[in-house]
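Below is one structure, written out as structure tokens, with a few remarks after it.
The values are calculated or read from the model by the stated rules, or taken from the named source; none is laboratory data. As the structure is a prediction and not an experimental result, all values here were calculated from the model. Note that we place each Cβ from the backbone using ideal geometry, even for glycine, and neighbour counts take in every protein chain shown. Heavy atoms of the whole protein, side chains included, go into the accessibility calculation; ligands, DNA and RNA do not. Shrake-Rupley method; radii C 1.70, N 1.55, O 1.52, S 1.80 Å.
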Amino acid sequence: MSRKMNFYAGPSTLPLEVLEELKNNIADYHGEGYSIVEASHRGKVYDQLHNETVDLLKELMGIPEGYSVLFLGGGATLQFSMVPMNILSAGKTADYVNSGAWGGKAVKDAKKVGKVNVLFDGKDSNYSSLPAASEVKPSADSAYVHITSNETIGGLQWKEWPSTGDTPLVADMSSDILSRPVPVEKFAMIYAGAQKNLGPAGATIVIIRDDVWKNAPSDLTAYLSYKTHAEKNSLYNTPPVFSIWGINLVLKWIKKHGGAEAMAERAAKKSQLLYNAIEESEGFYRCPVDPNNRSTMNVIFRLPSEELEAKFIKEAEARGMLGLKGHRDIGGCRASIYNSVPPKDVEALVEFMKSFANQQA
Ligand SMILES: *Cc1c(COP(=O)(O)O)cnc(C)c1O
């Protein structure tokens, strides 16, 4: 089998050993005589997997007492609605940082639920920079402050976290969860779709402080209330079993490779290789993102023309490097280098970038 080098933004690559483990146990789950995807989510085999996955996430992220971990459906996108529905009480304002495509979508949905104040809008810099953490100040009647820890399309990442005092801080960490240590106690809630850093698509991880879900309004329908899921350990309805199984295996892989600190080192090294190659190309490659906010997960770059970009992407594909085309909304190129992307694939990409630039000279 020859595996391609996968730089897709999401879904994205998974460790080969995780895929092998899924394959080897898909029909007969560890000798049970049935597949985990055929098992009752009320039975003890699934129960063990479910609770082990919650515990692994708590351990690897250092989630303190007083928080619940939920596995929900609907992607991170459903959280754009659930967050304001559950936390934006009447008469209050939700503060949002609009840092790009994903932050913008969160704002758009929240506005349909209640009053929104955009604390910062990156529009003027074409979404190439973030505010300083110290500039993020909640409004007087703030229900919460919402940020996007890593803008997957724009290639921006928060390096320091705002301090919002008693105002709950909520973060969409879909594209950089577990790529670095995070002080969970600073956040009232963290959410992330699984399919970038944690596993196959299907489950959305919600880490939520207990006082926050306990205060959910009682007029929400069952699924849309965090309370429903928190009180039932995410087993109110059928959870996305296959995705949770994959998350379990990816978490074990992260643990085996040294946990969040080791992932941060790995991400820093891989991203530095690419940013250095861009800086050293004498202007052939350009990264439009403010150097203070450059993502270690999604590296954005442009070439001198769209024609060269198309040629670059095509030649990269011929070398087995997939997913380097930038998002259709902004064009250019993007290398997504999540936890599971092997350093050697990034090294191969850097080599190709150098030879491609030389070839055009
Ligand atoms: C991919 C992504 C989303 C959307 O996730 P879905 O699970 O597809 O709904 C939201 N926010 C960020 C930062 C993302 O990268």
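Residue 6: of a type in the set (S, T, N, Q), surrounded by 14 or more Cβ atoms within 10 Å (Cβ to Cβ) and in contact (Cβ under 8 Å) with a residue 40 or more places away in the chain, yes or no?
Yes; evaluated as a whole, the condition is true for this residue.
I'd like to know if segment 93-114 contains one or more residues that are under 21 Å from residue 231 (Cβ atoms), in the same structural domain as residue 204 (by TED's automatic domain parsing), in contact with an Asp or Glu (Cβ under 9 Å, 6 or more places away or on another chain) and not in a helix (DSSP H, G or I). No, there is no match, as no residue in segment 93-114 is under 21 Å from residue 231 (Cβ atoms), in the same structural domain as residue 204 (by TED's automatic domain parsing), in contact with an Asp or Glu (Cβ under 9 Å, 6 or more places away or on another chain) and not in a helix (DSSP H, G or I).
Please state which one of 104, 75, 33 is closer than 24 Å to residue 337 by Cα and without any contact (Cβ under 8 Å) to a residue 12 or more places away in the chain. Break it down into steps so the answer makes sense when it comes.
Values: 75 fails: without any contact (Cβ under 8 Å) to a residue 12 or more places away in the chain; 33 fails: closer than 24 Å to residue 337 by Cα.
Of 104, 75, 33, the one residue that is closer than 24 Å to residue 337 by Cα and without any contact (Cβ under 8 Å) to a residue 12 or more places away in the chain is 104.
Every residue in segment 31-80 that is among the hydrophobic types (A, V, I, L, M, F, W, C), within 16 Å of the ligand (Cβ to nearest atom) and assigned to a helix (DSSP H, G or I), please.
Selection gives 76, 78, 80.
Within segment 81-92, if we keep just the residues that are assigned to a helix (DSSP H, G or I) and touching a strand residue (DSSP E or B) at 6+ places or on another chain (Cβ under 7 Å), the residue that is farthest from the ligand (Cβ to nearest atom) turns out to be 87. For segment 124-158, the set of residues classified as of a type outside the set (Val, Ile, Thr), within 27 Å of residue 324 (Cβ to Cβ) and either open to solvent by 10 Å² or more (accessible area, probe 1.4 Å) or free of Cβ contacts under 8 Å to residues at least 12 places away in the same chain (or both) consists of 125, 126, 127, 128, 129, 130, 154, listed by residue number.
Scanning segment 170-221 for residues that are away from the ligand (no atom under 16 Å from the Cβ) and either under 19 Å from the mean Cα position of the chain (by Cα) or at positive phi (or both) turns up 181, 183, 184, 185, 186, 188, 208. Given the condition closer than 15 Å to residue 272 by Cα and touching a helix residue (DSSP H, G or I) at 6+ places or on another chain (Cβ under 8 Å), answer yes or no: does some residue in segment 312-333 qualify? Checked against the condition, which is being closer than 15 Å to residue 272 by Cα and touching a helix residue (DSSP H, G or I) at 6+ places or on another chain (Cβ under 8 Å), segment 312-333 yields no hits at all. If I ask for residues that are surrounded by fewer than 23 Cβ atoms within 10 Å (Cβ to Cβ), outside any loop (DSSP other than H, G, I, E, B) and of a type in the set (Lys, Arg), which ones from segment 325-343 would you list? Across segment 325-343, the qualifying residue is only 325.
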